[in-house]
Amino acid sequence: MDYEAIFGQAVEKLRDEKRYRVFTELARQVGQFPVADNFSGIGPEKITIWCSNDYLGMGQHPVVVEAMASAVRRYGAGAGGTRNISGNHHAIVELEAELADLHGKQAALAFGSGYVANQTSLATIGKLLPGCVILSDADNHNSMIEGIRQSGCERHVFRHNDLAHLEELLKALPIGKPKLIAFESVYSMDGDIAPIHAVCDLADKYNAMTYIDEVHAVGMYGPRGAGVAERDNAMHRITVIQGTLAKGFGVVGGYIAASKDLVDAVRSYAPGFIFTTTMPPAVAAAATASVRYLKNSQVERARHQERAATLRRMLQAAGLPVMMNQSHIVPVMVGDPALCKLASDLLLSDHGVYIQPINYPTVPRGTERLRITPTPVHTDEMMRGLTGSLGAVWEKLGLRRRAA
């Protein structure tokens with residue numbers, strides 16, 4: 001058997017379908033973001049990033065950078081082991097206490113990434129509940145889907161944000177059967193927001209637990225940056241809140257916050273937590289500094305919302321097919337994988353604008369898009385330049401300008 005040929009054919013299939021991923025090599029410089037050095041060999045040496053998940057620019061904030069640098073000098077580079085075997089360092093314990101306080105929960109548990117937090121927590125919770133049924137929003141992230149699959153539970157998918165469909169599924173289940181509703185607060189591709197209180201109302205009515213992914217909301221919504229559930233005064237109604245440290249907080253890692261017993265059960269049974277090396281002290285210290293800072297500063301959040309709204313108005317006024325929503329996500333629809341990739345390439349090569357194309361399987365076929373994420377440090381001048389660049393590319397490629 002020609003093993004290499006099989007791998008080569010798999011990659012060629014992606015190329016034929018126009019969804020082969022090309023990684024653009026960049027170097028972000030402290031103090032220059034959203035401008036970065038471009039090492040891809042395509043376009044100018046300095047480019048403007050318009051698709052970063054460092055939504056608030058906290059990855060370069062002096063408080064966060066200094067916390068990481070200081071922790072490296074004090075603790076060294078690595079954690080030294082798993083949480084169980086010599087890796088339960090002081091910095092990670094401090095971080096978990098900060099996260100529990102952020103969400104008003106008894107405890108929190110940190111993981112190496114938001115993906116692992118979802119995957120291993122959902123799988124473990126489902127396995128620990130005898131006969132559990134998990135009800136999952138149709139637009140949930142792959143990490144949630146994989147966790148639910150690995151739980152081995154009976155599972156039902158309800159139409160995206162469709163409360164009537166969710167209730168129909170809940171009503172068909174015995175009231176005493178363990179149930180978990182898994183959903184997100186901000187859905188990252190369309191930028192729409194879940195009706196959190198209404199989902200909790202159904203959970204209360206049908207005796208179900210709730211698990212919310214606040215990955216695209218923590219740091220950016222609520223009086224202290226705890227997410228949409230905090231903004232909507234719903235945190236106390238959610239059983240498990242999952243978040244990331246890699247987006248609004250600008251570092252890396254993921255976590256869950258919940259009751260002491262639930263967190264302890266995940267800590268004690270989850271393979272994805274037990275058998276992996278602990279987050280390094282410097283990363284934990286930087287994340288703690290970011291969480292603490294954003295608990296007390298509204299400046300970044302207010303500026304972020306204003307920037308997203310301003311850019312959306314500019315793009316709409318220019319006749320570009322921007323999707324309207326109530327979040328900070330600004331998707332511009334293309335609807336074709338090859339044209340989406342070509343538009344991204346032209347923006348980089350001809351205009352020094354970096355926006356990664358979003359194609360299947362991240363979004364459904366026919367809904368390919370450019371996903372723009374303005375930050376507090378994108379200026380009006382940058383936005384005018386982006387709007388003009390998008391208009392030029394749309395004209396050159398003959399792309400549709402109707403609103404989505």
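The values are calculated or read from the model by the stated rules, or taken from the named source; none is laboratory data. Everything quoted here is computed from the prediction, not taken from an experiment. Cβ atoms come from the backbone with ideal geometry, glycine included; neighbour counts cover every protein chain shown. Just so you know, the surface numbers come from the protein's heavy atoms only, side chains and all, with ligands and any DNA or RNA stripped out. Shrake-Rupley method; radii C 1.70, N 1.55, O 1.52, S 1.80 Å.
Compactness of the chain, taken as the C-alpha radius of gyration over 2.2 N^0.38 Å, stands at 1.01.
Over its Cα atoms, what ratio of radius of gyration to 2.2 N^0.38 Å does segment 351-404 give?
Rounded to two decimals, the normalised Rg is 1.26.
Enclosing the Cα atoms of segment 108-244 in their convex hull gives a volume equal to 98 cubic angstrom per residue. Placing +1 on the Cβ of every Lys and Arg and -1 on the Cβ of every Asp and Glu, with no other charges, gives the chain a dipole of roughly 260 debye about its Cα centre. Length available on full extension from residue 233 to residue 7: 0.36 nm per residue minus the Cα-Cα distance, which gives 76.4 nm.
The slack in the chain from residue 162 to residue 274, taken as 0.36 nm per residue of separation less the alpha-carbon distance, amounts to 36.7 nm.
My understanding is that a pair violates if its Cα-Cα distance is over 28 Å; which of 13/179; 295/341; 105/179 do that in this structure? From 13/179; 295/341; 105/179, over 28 Å: 13/179; 295/341.
Report note on the peptides 379-391, 47-59: ranked by the mean count of other C-beta atoms within 10 Å, highest first, their order is 47-59, 379-391. Shape annotation for segment 70-181: C-alpha extents along the principal axes are 57, 25, 25 Å, from largest to smallest.
Compute the angle between helix 62-75 and the longest alpha-carbon principal axis of the chain, please, reported from 0 to 90 degrees and rounded to the nearest 10. Helix 62-75 sits roughly 60 degrees off the main axis of the chain. If R₀ is 22 angstrom, what is the calculated FRET efficiency for the pair residue 27 and residue 74, using the beta carbon separation as r and rounding to 0.05? In this case the efficiency is close to 0.25. In terms of the mean number of neighbouring beta-carbon atoms within 10 Å, the peptides 193-202, 283-292 order highest first as 283-292, 193-202. The angle between the Cα long axis of helix 281-296 and the main principal axis of the chain comes to about 80°, on a 0 to 90 degree scale. Considering only Cα atoms, the convex hull volume of segment 203-299 works out to 108 Å³ per residue. For a paramagnetic label modelled on residue 101 (point 7 Å from Cα along Cα→Cβ), amide N atoms under 15 Å away belong, within segment 206-250, to 224-226.
How many percent of all Cα-Cα pairs in segment 155-220 sit more than 14 Å apart? I get 57 percent for the Cα pairs in segment 155-220 exceeding 14 Å.
With the simple model of a label 7 Å out from the Cα in the direction of the Cβ, residue 267 to residue 306 spans 4.2 nm.
Per residue, how large is the accessible surface of the chain? Use a 1.4 angstrom probe and give square angstrom.
Per-residue accessible area for the chain comes out at 43 Å².
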